[in-house]
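Report on the structure given below.
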Amino acid sequence: MQRHIRLATYELTRGSFQEVADLSKNGMLPIFSNEPGFIEYGVADLGNNLVCSITIWETREQAERSVHVASTWVSQNIGDRVKLVNSYVGEFAFLHGAPVLA
C-alpha cells in the first residue's frame, strides 16, 4: 500500500510552540482521526519560530482533502498564532520504521 503525506510549515507569530502543539493535539488531531484514510499526525518544532505539521494518509486524494480541513481549523483556532509558509502533498517512495514498544 502506497502512503501519502501532507507536510506544512508555519511561522509562529504569537505564543509558544508548546501552546500550538497542545491546541493542535486537542483540536486538529480528533478531526483528522475521523477523516477517511487518516494514518498519523504530528507537529514538530523546527526552531527559529517554524512549526511543521505532518499527516500521513492512505491516498493522495485524502492527503489533498486534508489541506482544506487543516486550513479551516487553523484559521478558526490558531490563525492568530501561526501563518502558513508552505504546504506540500506527496507520495512516499518508501516509509519504514521500527515498531513502537508500549
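Which log10 I(q)/I(0) values, to two decimals, does segment 21-65 give at q = 0.31, 0.32 Å⁻¹ under the Debye formula with one point per Cα?
-1.11, -1.14
Output the 0 to 90 degree angle, nearest 10, between the alpha-carbon long axis of helix 60-77 and the longest principal axis computed from the alpha carbons of the chain.
For helix 60-77, the angle is close to 20 degrees.
The chain: D in µm²/s via Stokes-Einstein (Kirkwood Rh, Cα pairs, 25 °C, 0.890 mPa s)?
Translational diffusion coefficient: 175 µm²/s.
Once fully extended, how much extra length lies between residue 31 and residue 11, figured as 0.36 nm per residue of separation less the alpha-carbon to alpha-carbon distance?
5.0 nm
For the chain, what's the relative contact order in percent, using C-alpha pairs closer than 8 Å and at least 6 residues apart?
Worked out over the chain, it gives 46 percent.
Could you give the length gained by full extension between residue 19 and residue 68, i.e. 0.36 nm per residue of separation minus their alpha carbon distance, to one decimal place?
15.4 nm
Please give the FRET efficiency for residue 101 paired with residue 77, using the beta carbon to beta carbon distance and R0 = 30 Å, rounded to the nearest 0.05.
0.35
Please identify which residues in segment 1-29 have an amide N closer than 13 Å to a label point set 7 Å out from the Cα of residue 40, following the Cα→Cβ vector.
Those under the cut-off are 3-6.
So what are the ³J(HN,Hα) numbers for segment 90-95, from phi and the Karplus equation (6.51, -1.76, 1.60; θ = phi - 60°), rounded to whole Hz, Gly and Pro as x?
With coefficients 6.51, -1.76 and 1.60, one gets x, 10, 6, 6, 7, 8 Hz.
Summing -39500 (n - 2.57) over the DSSP H runs of n ≥ 4 in the chain and dividing by its residue number, what mean residue ellipticity at 222 nm do you reach, to the nearest 500 deg cm²/dmol?
Helices in the chain give a 222 nm mean residue ellipticity of -11500 deg cm²/dmol.
Helix 17-33 versus the longest principal axis of the chain: what is the Cα-based angle in degrees, 0 to 90, to the nearest 10?
Compared with the principal axis, the helix lies near 40 degrees.
Values in this text are rule-based calculations from the coordinates and carry no lab data. It should be emphasised that the depicted structure is a prediction, and the values quoted were computed from it without experimental measurement. All Cβ positions, glycine included, derive from the backbone under ideal geometry; neighbour counts span all protein chains shown.
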